[in-house]
Amino acid sequence: MRLIALFLLSLAMTTATAQDKPTALVIHGGAGVIERDALSDADEAAIRADLDQALDAGNAILAKGGSALDAVTAAVVVLEESPRFNAGKGAVFNAQGRHELDASIMEGHTRRAGAIASVRTVRNPIRLARKVMEQSPHVMLIEDGAEAFADGFKDIERVENGWFDTDNRREQLEQAQAREKAEADAGTPAEDLRGKYFGTVGAVALDAQGHIAVATSTGGMTNKKWGRVGDSPIIGAGTYADANCGVSGTGWGEYFIRASVAHDICARVAYKGDTLQQAADEVVMKVVPELGGDGGVIALDKDGNIAMPFNTSGMYRGWVKKDGSRGTAVFLDEQ
């Protein structure tokens, strides 16, 4: 009986230790030119409410001992359902006046990953990216092939492409095309795109088992042409996770691809011995701007440390730290 009692005590202590491991969650809703005088109080309040709802969705899973993978999926779905971010319902228009959606997801301790690009009828692209990871032998599917893959799952909700339309995104397309025409007529160089886009969404979570997962979703760039795909669905560029680190990016995707931003940050932690903050700051504040790009990231390590650097005037972001404290922020001067 004594041996049984000791075994049960040991099991209880092991379970308690696992449950006592800290969890953490960090999310973003995009980086770009976000000025206080251009964002109404009502719009700011609505954006912060959406960020809080996403934190609630992800953190509720973590608090119950759920997986980081489930947590980032839940958080990103909330942001995809909001018309205020460039993902899902609020996706920007391409040059043809339609929507092409990209997403990716990665689990750090297994290095499993899934991504989709240029889908047109999937209401929540992050859910399809997860299906690619879990239900296919592939990492990335695109366009018609990704749509055909989605046909095989009754729980992947489909909508008409017009469901993603919003008046604000239509106005942005019209403004971008008017500028493009004026530049062409005048023979002037194309407008600098730095900071002219924002809204990509993402989440990184650490669960009670010590596992990290990352998810990123976007509508891409306003007025994009020729089937353009940015960094968000590219593993290592806009999304990356290993056993020690996870990163989701937002910004000018071409530069995030060229710098392998998400992987570079985690590699600096793994091979150089940088802290998460040091690695993220070096890549976002130095490497990307030196190439000519801009943007930001959210990052999380195995100890629950969070980094959220960006080199634009604002980045929609929110967090639940390992001590349970939480918050949301929009502007550069907020912590």
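Remark on the stretch 18-161: hydrodynamic radius 16.4 angstrom, per the Kirkwood mean of 1/r across alpha carbon pairs. DSSP beta bridges fully contained in the chain are about 90 percent antiparallel.
For the stretch 73-114, the spherically averaged projection of the C-alpha convex hull amounts to 3.6 nm². In the chain, helices alone account for a calculated mean residue ellipticity at 222 nm of -11000 deg cm²/dmol, with every DSSP H run of four or more residues adding -39,500 (n - 2.57). Histogrammed with a bin width of 5 Å, the alpha carbon distances of the stretch 234-273 distribute as 7, 29, 34, 18, 10, 2 percent, first bin at zero. Of the whole protein surface, residue 40 contributes about 50 Å² of accessible area at a 1.4 Å probe radius.
Over 21 Å apart at the Cα level, from the set 64/322; 89/321; 154/224; 302/322, are 89/321; 154/224. Over the chain, what percent of the accessible surface lies on carbon and sulfur atoms, probe 1.4 Å? Looking at the chain in its full context, I get 53 percent from C and S. Per residue, the chain exposes 44 Å² of accessible surface when a 1.4 Å probe is rolled over the protein heavy atoms with every protein chain present.
In this label model, residue 180 and residue 167 are separated by 2.4 nm, measuring between points 7 Å along each Cα→Cβ vector. Eigen-decomposition of the gyration tensor built on the alpha-carbon atoms of the stretch 257-335 gives equivalent ellipsoid semi-axes of 21, 18, 8 angstrom, largest listed first. In the stretch 90-146, the alpha-carbon atoms span a convex hull of 81 Å³ per residue. The local environment of residue 269, defined by Cβ-Cβ distances under 15 Å, has a net charge of -4 under the rule Lys, Arg +1 and Asp, Glu -1.
The values are calculated or read from the model by the stated rules, or taken from the named source; none is laboratory data. As the structure is a computational prediction, the values presented were derived from the model and not from experiment. Cβ: placed from backbone, ideal geometry, glycine included. Neighbour counts: every protein chain shown. In case anyone asks, the SASA skips ligands and DNA or RNA and just uses the protein heavy atoms, side chains included. Shrake-Rupley method; radii C 1.70, N 1.55, O 1.52, S 1.80 Å.
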